[in-house]
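Following: one structure in structure tokens, then a few remarks.
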Protein chains: 6
Amino acid sequence: MKIALYPGTFDPITNGHIDILERATHLFDKVIVTVAVNSSKTPMFSTKERVDLIQTIIQQKRYKNVSVEHFEGLLVSFAKKKNATAIIRGLRAISDFEYEFQMALINRKQAGEIATVFLMPHEKYTYLNSSIVRELALLNGNIKDFVHPVVLRALKKKISH
Amino acid sequence: MKIALYPGTFDPITNGHIDILERATHLFDKVIVTVAVNSSKTPMFSTKERVDLIQTIIQQKRYKNVSVEHFEGLLVSFAKKKNATAIIRGLRAISDFEYEFQMALINRKQAGEIATVFLMPHEKYTYLNSSIVRELALLNGNIKDFVHPVVLRALKKKISH
Amino acid sequence: MKIALYPGTFDPITNGHIDILERATHLFDKVIVTVAVNSSKTPMFSTKERVDLIQTIIQQKRYKNVSVEHFEGLLVSFAKKKNATAIIRGLRAISDFEYEFQMALINRKQAGEIATVFLMPHEKYTYLNSSIVRELALLNGNIKDFVHPVVLRALKKKISH
Amino acid sequence: MKIALYPGTFDPITNGHIDILERATHLFDKVIVTVAVNSSKTPMFSTKERVDLIQTIIQQKRYKNVSVEHFEGLLVSFAKKKNATAIIRGLRAISDFEYEFQMALINRKQAGEIATVFLMPHEKYTYLNSSIVRELALLNGNIKDFVHPVVLRALKKKISH
Amino acid sequence: MKIALYPGTFDPITNGHIDILERATHLFDKVIVTVAVNSSKTPMFSTKERVDLIQTIIQQKRYKNVSVEHFEGLLVSFAKKKNATAIIRGLRAISDFEYEFQMALINRKQAGEIATVFLMPHEKYTYLNSSIVRELALLNGNIKDFVHPVVLRALKKKISH
Amino acid sequence: MKIALYPGTFDPITNGHIDILERATHLFDKVIVTVAVNSSKTPMFSTKERVDLIQTIIQQKRYKNVSVEHFEGLLVSFAKKKNATAIIRGLRAISDFEYEFQMALINRKQAGEIATVFLMPHEKYTYLNSSIVRELALLNGNIKDFVHPVVLRALKKKISH
């Protein structure tokens, strides 16, 4: 059974992430969405909130082979623990490219048996990321095409506080 | 009458910005230099100082169809309020490219009728930006080819404090 | 009256070109689609065929301020003859960027008063160009989302010969 | 059973290609190396020679789940015929990026159910490609680190003619 | 005698830096590794620690024409004081490119007689930098291929505190 | 004595090439401009004409430590024959970057003791190359800022034939 991790901060998960996730479900037997607990940055959503949003979307989308977990520390150590042989990354634009390659190379040096697999999201998500979603939400911009309805509700609630 | 916004932080305005502004005055009936009030970063110059510097330069250059304003919130909302149909952006280098495309795309999603128009500055300004000007000023470097004399004076005064 | 050229080889015109053209019609009083007669490459469609396809599309789209012409020689000389003050170019991807900047810079050296104005096509056309359309047509691929119906018919006719 | 195509011109196959192929064998149940019959360019090695070289390497490397075929026409049509759900591509450098994305996007438009999967070769193959191998071979350069011994022999024989 | 500066933050020096340094020793009569005292960021290692690590490596490697110093203020002023006519920079990836060009251009404007000379590190260091080394060290990752043994020891000591 | 090659096609030499050459003369004891005899492309100027143009410019500029030669075959073999330890390359733009890195890497694999040294031309030559010069000359464009007067005359003579 081929297991893949799909790691990220997911603060919050966008439709671009969901697009990549869905493509991954067709390529691997099991996909574990892996929410990074990043201690250096203060996320808009707590680790628990980010995991819960993804859990809700997995259920609503009725994905059979997807689960969500959070992790701290070295990604490849978590991958080994989960018997994953692949790490999924969306590759949207040149600006992603070198950072992603650096991470892939570093991860390979740490654990050569785990492959980083790059997938391309739908072109309508090329320039979408979580930070632009947060910024637009704060400025009361229109983000309904960019995030799932449960994320939209969570963003509105978070901002109204 | 075709109205265009030329938005930016302008902290401070450089000769590269002035070069783009001048090109824009020939393409549009009216250009509004639009100073962003960015609440998350602490600028070297206050919003009022940045607007005043630009105002002084507009007068000295005797531009007939240029004004300067500041704005908060969503750029496209401000554009609509001003009946602008275009947003001007200078495109200097690859590193600008993807950020600018992301912003242009996001703005288009918010207001499809407003076009982002990219202009190329003179090649001597290719690698010039406000942050390098601030850094050089702080290190007592030579910046007289990079900014207008009124900005040079303002920088010297600011740093001597 | 602000006149802009929209130059290209247009072998054949794609929906990406039409998208840029339509945006340009809102920014300028008059847009002249300018078909380059490139003597060094052998196009799939003759100059006359390329001009005729664009003419048909202009009529079907009922653009009021668009015309089509062909030109040979230096683009800026043609621009001056037509009293154009702007040259429109679509900017889709990084690979376009440096070539376009080179051309814009060279044109500016030849005629400083003519500005190159870059517009961004819809993201669904980011990776579309005439050469991929020709290649797909030859391989019997599906190109109906990429070109106007009159171009589709012309391609099928051309290939069946 | 997950089947993937690994398409290319392979004129000739390099150690960078073999590196990607080996990674793919761990991710998919079956990998079909797919040699493109490109009618517009004249390859150094004939389709048969390129297929034979790859066949020899597959046997020497004792890959159990790899085969080699050639194809003409649309890649996605061949993928469908072979029940492949993935197309493997090596992604080495920025210069690959946009071309690969264009092809992936075009292929997705033709057959949305087939995913393009990008893998990263070992960094020592970052700047290696078939054309540099051919050029070095012709100039009598040292290429033994770049190609498999059977390819080295074939290149020497080809050039001595 | 041709003197070159090799400036950087070196927080800490990596094997990629050492690779560039070694190449520079063959091109210039004297190379001064120049540790930047950056007042705006808090480095992991103090200026003294960074200079000492480099000093130890210079001795162990028995470089005859290398010394290390720290500097504050404008790099070109320091270069003039040291009679250096060249500034050495490693160029690894596209993401370096524009920043490096900006700095080279700015430095040239300040002192036209000092050339920036770009060297390419070994491809195995393409994606290596000090920040990834610090991050891996903090996560207890394997970094022994990335730094000199004295740096490895210093990192372990620093982190255990 | 440090000897450097400055290789290229120089069809014809531009002011951008001369700018790089002049910088190199300050860094090395001797610089050999090395004109590539490229058998696969048909140049506008013959090898002899290209060498002669460069020779004339060297004399007019009174460079004391520059000579010009042509070479066929592997660049590093020629470098070894000339006792050169460095290969000079101008790096103008991202589009140069990957090609130049590939060549530098390949050359290093062939002869590890020869370093490729990248220099940055004046920003006014960023987008200048020989092919744009030839194209502009053929279209009767203005190229007097781009090439030395002797090259201008040679181009006019060549084209009038």
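Buried surface between chains D and C: roughly 1100 Å² of accessible area, summed over both sides, computed with a 1.4 Å probe on protein heavy atoms only. Each peptide in F:146-152, B:67-73 gets a packing score, the mean of other Cβ atoms within 10 Å over its residues, and the list from highest to lowest is F:146-152, B:67-73. Using C-alpha pairs under 8 Å with a sequence gap of at least 6, the mean separation divided by the residue count of chain C gives a relative contact order of 30 percent.
Every Cα-Cα pair of region E:3-160 was included, and the share exceeding 27 Å stands at 19 percent.
The shape of the protein assembly as shown comes out rounded: with a ≥ b ≥ c from the C-alpha gyration tensor, a/c is under 1.5.
Accessible area drop of at least 10 Å² (1.4 Å probe, protein heavy atoms): which residues of region F:62-94 qualify, relative to the chain alone? Buried by the other chains: F:G73, F:L74, F:T85, F:L91, F:R92, F:A93, F:I94. Of the two radii for region D:1-92, the radius of gyration is 0.93 times the Kirkwood radius, both from the alpha carbons; that is the Rg over Rh value. Between region D:92-161 and region A:47-114, the C-alpha centres lie 28 angstrom from each other. Between 0 and 90 degrees, the angle of helix C:47-61 with respect to the longest Cα principal axis of chain C falls at about 90 degrees. Axis of helix A:149-160 versus longest Cα principal axis of chain A: the two differ by about 60°, to the nearest ten degrees. Accessible surface comparison of E:R108, A:R153, probe 1.4 Å, protein chains only, largest first: the order is A:R153, E:R108.
Taking the 1.4 Å solvent-accessible surface of chain A as the whole, the part contributed by carbon and sulfur is 49%. When the C-alpha to C-alpha distance is required to be over 24 Å, the pairs from E:K82/E:K109; A:K144/B:K2; A:K82/D:K81; D:K41/F:K158; A:K41/E:K158; D:K61/E:K144 that qualify are A:K144/B:K2; A:K82/D:K81; D:K41/F:K158; D:K61/E:K144. Inter-copy label distances at D:N142, using a point 7 Å along Cα-to-Cβ, come to 2.9, 4.6, 5.2, 5.2, 6.3 nm with the shortest given first.
Candidates A:P7, A:L105, A:I54 compared by Cα position along the dipole of region A:3-160: farthest toward the positive end lies A:I54, with charges placed on Cβ. Against chain D, whose longest principal axis comes from its Cα atoms, helix D:15-27 is set at around 30 degrees.
Scoring A:58-64, B:114-120 by mean Cβ neighbours within 10 Å over their residues and listing the highest first yields B:114-120, A:58-64.
Could you report chain C's accessible area per residue, 1.4 Å probe, as an integer in Å²?
44 Å²
Averaged over the residues of peptide D:102-112, the number of Cβ atoms from other protein chains lying within 10 Å of each residue's Cβ is 5. F:T42 label point (Cα plus 7 Å toward Cβ) to equivalent points in the other copies: 1.5, 1.5, 6.8, 6.9, 7.0 nm, shortest first. This model, with +1 at the C-beta of Lys and Arg and -1 at the C-beta of Asp and Glu, gives chain E a dipole about its Cα centre of some 420 debye. The mean number of Cβ atoms from other chains found within 10 Å of a Cβ in peptide E:19-27 is 2, as a whole number. With a cut-off of at most 10 other beta carbons within 10 Å, and DSSP calling the residue loop, which GluC sites (Glu not before Pro) in region B:82-161 qualify? Please list them. Sparse-neighbourhood loop GluC sites (Glu not before Pro): B:E113. Label-point spacing at D:Q59 relative to the other copies reads 5.8, 6.1, 6.4, 6.4, 8.7 nm, in ascending order, each point sitting 7 Å out from Cα along Cα→Cβ.
What are the residues of region E:115-143 that lose 50 Å² or more of accessible area, with a 1.4 Å probe, going from their chain alone to all protein chains? Residues meeting the cut-off: E:F118, E:M120, E:E123, E:Y127, E:I132, E:L139.
Under the simplified labelling scheme, the C:S67-A:K81 pair shows an inter-label distance of 7.2 nm, with each label point 7 Å from Cα along Cα→Cβ. Averaged over peptide A:48-61, the number of partner chain Cβ atoms lying within 10 Å of each residue's Cβ comes to 0.
For the rotational copy pair C/B, the chain C residue whose Cβ lies nearest the symmetry axis, together with its distance in Å, is C:F118, 2.
The values are calculated or read from the model by the stated rules, or taken from the named source; none is laboratory data. Just so it is clear, the structure is predicted and the values come from calculations on it, not from any experiment. When we count neighbours, we look across all protein chains shown, and the Cβ atoms used for this are built from the backbone with ideal geometry, even at glycine. In case anyone asks, the SASA skips ligands and DNA or RNA and just uses the protein heavy atoms, side chains included. Shrake-Rupley method; radii C 1.70, N 1.55, O 1.52, S 1.80 Å.
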